[in-house]
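Chemist: Mind looking over this structure? Questions follow.
The values are calculated or read from the model by the stated rules, or taken from the named source; none is laboratory data. Everything numeric in this text was worked out from a predicted model, so none of it was measured. Here the Cβ positions follow ideal geometry from the backbone for every residue, glycine too, while neighbour counts run over all protein chains shown. The accessibility values were calculated without ligands, DNA or RNA, using every heavy atom of the protein model including side chains. Shrake-Rupley method; radii C 1.70, N 1.55, O 1.52, S 1.80 Å.
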Amino acid sequence: QVTFHGSIVDAFHNLADAQKFVREEAQKYGRMKSDFGIDKVQADPAVAYMASPMLADNEVNVYVAGHAVRVQINDELLARAYGNMGVEAMNTILKAGRALNTFLSKVYTGYNPEFILTNIVRDFTTGLINVSGEEGAAFAGKAMINYPSMFWELLKYAKNGNATGWIADYRADGGNTGAAYLSDLERLGKEIQTEYATYKGVTANLKEGQYVSAARAAGRSVFNKTLIWVEHLNQAGENAMRLAIYKAAIESGQSRNKASSLAKNSTVNFNRRGELGQQANALWLFFNAGVQGTAALAHANFKGAHKRQAWALTTAMATLGYIAASALGGGDDDEYDKLSDYTKTRNLVIKAGDGWIKIPVPYGYGFFWNLGRTMADAARKDQWGKAPWHLASSFVEEFTPFGAAVAGGKPDSKQLLYALPTAVTLVAAPLANRSGMGGPIMPDSPFDRSKPDRERLWRST
């Protein structure tokens, strides 16, 4: 490296180039060669002294002990992705779309009591299969044993906010313990605001003698607490499998870095978004979750160290779908065939008295479940012509964020509405007589146009 009065001015890969630089600089600016110094260094002399703090496209500033360190990333894709981390370049339309989709994701997941059990079953099953492909069945068994205690620890953390033991370590290593749509700090702030506003509403109304308004505010208080408990249960259910895998990895002797990475990528890594993830998520609800879930499944089954064990479980899923459809279908009263295609696609159904028990099928792996179910139904009804469409639609539904675009069991130009951004679909789909599941809201027969809309109902309606 070449210095001028002790300050580094440039660096070269060999002594000849350094000496040539000194001669040219001395001649060009009329300086003495003795003003320059040439030092041999053992480290890679890639960063030269600069007067301006401007960063190159592949450089980032990192602070170590209060000192700014320039880091050069020589992988183009990695440098571009790192440079975009935390940057949300959104216009007004995208910001509005993100606000709408954030609200909808809360309603469909965190605030939805039905989602508690559904999410627990799906995350648990997906995590077991994925981690079996990555680390083996024995490791997955350890995670399964850890699951109940980790769920309870997360539930206590969601209630009181005190991260202790495994949760504290997991968070310190970059693990997420909140829901997919809201960070822990943001959630805490919103809960404090909500509780204070409710408390203030009750006391202020009582002081003013407004007993009806006080009762209404108290009712909101009860409702809010109920809603918070629903969210707490969903939060624990969403992260219990990740924490169980983290604990199993540490107890198996793996590093904390490896344990955290394995846990976060076992189902859906919500911190991984790609370069356009924020914008895509603002347009399509659950876009990022769909992409990351598919990525985790693909890695476990194609690149995992124990991928053959994941194949075995995947095959078992298809076999179970075939057996279940064969056993339930074709009865005298054909009750199984009367169930909606959506119900049979998303659940393992078991006859119980006059009703059905529904066990949710995990996302992604639902394709293999439906592969077995479709084969059984095609063989039983001798309708092989419909099987390719059912399998193609199941593939799109399970492995892309545009599942509703093929829902409903048959090709239909109106289904393409569901490939539009969520905000547009919310308006366009009902106008085209389509529900959120992709099917018609009311019967739409070309032979029954005389009835007014209010009289065109399904029998179940």
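Chemist: Evaluate the stretch 404-427: report whether one residue or more is buried (at least 20 other Cβ atoms within 10 Å of the Cβ), at pLDDT 85 or above and more than 18 Å from Asn347 (Cβ to Cβ).
Modeler: Yes, the stretch 404-427 contains at least one residue that is buried (at least 20 other Cβ atoms within 10 Å of the Cβ), at pLDDT 85 or above and more than 18 Å from Asn347 (Cβ to Cβ).
Chemist: A further question follows. Out of curiosity, is Lys303 more than 30 Å from Thr92 (Cβ to Cβ), of a type outside the set (Asp, Glu) and open to solvent by 70 Å² or more (accessible area, probe 1.4 Å)?
Modeler: So Lys303 fits the description; yes.
Chemist: Taking the stretch 18-30 only, how many residues are modelled with pLDDT under 90, part of a helix (DSSP H, G or I) and either open to solvent by less than 70 Å² (accessible area, probe 1.4 Å) or not charged (D, E, K, R) (or both)?
Modeler: 4
Chemist: Determine the pairs where a residue that is farther than 15 Å from Met241 by Cβ, located within the stretch 154-166, has a partner that is open to solvent by 80 Å² or more (accessible area, probe 1.4 Å) and of a type outside the set (A, V, I, L, M) with Cβ atoms under 6 Å apart, the partner being 6 or more residues away or on another chain.
Modeler: Every condition considered, the pairs that remain are Ala163/Arg171.
Chemist: If you take just the helices (runs of 4 or more DSSP H) that sit entirely in the stretch 233-345, which of them hold at least 3 residues that are over 20 Å from the mean Cα position of the chain (by Cα) and touching a residue at least 60 places away in the same chain (Cβ under 8 Å)?
Modeler: 307-328
Chemist: Can you name every residue in the stretch 378-396 that is within 27 Å of Val268 (Cα to Cα) and open to solvent by less than 70 Å² (accessible area, probe 1.4 Å)?
Modeler: His390, Leu391, Ala392, Ser393, Ser394, Val396
Chemist: Could you run through the stretch 333-377 and say how many residues are open to solvent by less than 70 Å² (accessible area, probe 1.4 Å), under 30 Å from Ala295 (Cα atoms) and either at pLDDT 80 or above or aliphatic (A, V, I, L, M) (or both)?
Modeler: 25
Chemist: What number of residues within the stretch 34-45 are surrounded by 10 or more Cβ atoms within 10 Å (Cβ to Cβ) and at pLDDT below 85?
Modeler: 1
Chemist: Another one. Can you name the helices (runs of 4 or more DSSP H) wholly within the stretch 74-182 that have at least 3 residues being at pLDDT below 80?
Modeler: 76-83, 113-135, 137-160
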